[in-house]
Amino acid sequence: MKRSHSAIVVLMVMILMVWPGLQSVAAASDSGDRLVKLSTTARFSPIGAIAGRATVDGRAFAGYAPIWGGEVIQAAAGDSLRVSLDGVGQLTLAHNALVRISTATGNSEDTGRNILVAELINGSLSARLAMDAGAYVEAAGSKLAAAPGAQFRVQIADGHAALDGIVGNVTIEQQPAAGQRYILRPPAGQGSSLSVSARSTRQLQIQVTDENDHPVPDLPILFSLANPCLGTLGVGAAAGLLFKGKTDKRGIASVPWITGAAKCAETILVRVEGTDSTFTYRAQVSGGGSNFWTARNSLIIGGIAAGAGIGIGVAVANSGGSTPITPVPPPTVKP
C-alpha cells in the first residue's frame, strides 16, 4: 500500500513539473504570434528508367536500369527500348536510336507541370506524354514543342527530321532555312582520300563556306562512318558511328577519329545537319599502327591537350592521291 501511495506522489510531482511548460505552449498559441514551419526539398533521385538492351553513357545495360537525366542513351541494334519517365510519360526508341534525355518543371498550362527535354541525335523516338506533361525535342536542327498529353514520333533520315503519328498539339518551332546551300571541302592540307594506321587516333576536319565562299560559323555538322570497321568518331560516352559537331569562326568542324583494329576501306559522310549539303571522304585503315599512337595513348594526350587549351591536328600532303596522314607530335604542356 505504501508503494502505491509513493508511486502516485511521484506521478503528481512529475505532472506539476511539466504543467508550466504546457501552459506556456498554450499561451503562445493563444497570442498573436504563430509558429511558422519551414521546410526545404531537393530532388536527388532517378527521373525514370529504361527497360531493354541499351548503351547508357558508353556502358551496356540489359533489363531494367534507372536514369538520372542528361545521359546519352542508345537502343541496341535490332531492338526497341522503352523509357519510362516519372510524371512525364513513356518513350520508345527504335533500334540504334541515339538520344539525350532529361526533364524539367513547367509553370504554365501550355507547357505542363512536367516537361520532357530531349535531343534526338539519330534514329527514331516515339513519345506518349502524360496529361499534364509537355515536351521540347531537338532533332536535325528542328525544334519541336508538344502540348500536354500529346503523342508523336520524330525520326531523323538523311539529315532531316520528320514528324508523324501526331495526336494532340505538336508544332515545329524552328527549321533549317529552305534552299540554303553550303560548300563542304577538306581544309587546306587535308585531302579527300585518307589513309591511316589501325588502332590510332586522328582528327578529321571539314570546312564549310557559303555560296560566296565565306566561312560559316556555328553550323551543326554530322560526321558518320559507313562501316564499323573504320572505328569510332568522338571520345568517351559520345563515341560511335555518328558524331555531331559545330563549325568554328573559320567554318571548320573537327572530330576525333579512333580507327579500328583491322584493315578496312570505306567512306565517311559529312553533312550540314538539316540540309542536302554533303561531302564524302574515302577512308582506308591499314594494319600495323605505331606503338605510341594507340587509341589509349591518344585519348590521354587529347585530355591533356584539352586541359591546356591545345588542339591536336593532323598534317596531310595534298598531292591529289591517297596520302598517309602524319600525326603531329604530342604538345609540350608547361605549368
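The values are calculated or read from the model by the stated rules, or taken from the named source; none is laboratory data. Fair warning: this is a prediction, and the values are worked out from it, not measured in the lab. FYI the Cβ positions are ideal-geometry reconstructions off the backbone, even for glycines, and counts take in every protein chain you see.
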Residue that is of a type outside the set (S, T, Y), in contact with a Cys (Cβ under 8 Å, 6 or more places away or on another chain) and more than 30 Å from G112 (Cβ to Cβ), where the choices are L194, L225, L230, L219: L230
Members of the stretch 71-111 that are of a type in the set (V, I, T) and at pLDDT below 90: V72, T103, T105, T111
Those strands (runs of 3 or more DSSP E) lying entirely in the stretch 179-259 with at least 3 residues touching a Lys or Arg at 6+ places or on another chain (Cβ under 8 Å) and surrounded by 18 or more Cβ atoms within 10 Å (Cβ to Cβ): 220-225, 252-259
Test result for G134, over 21 Å from the mean Cα position of the chain (by Cα) and either surrounded by fewer than 16 Cβ atoms within 10 Å (Cβ to Cβ) or over 30 Å from V216 (Cβ atoms) (or both): no
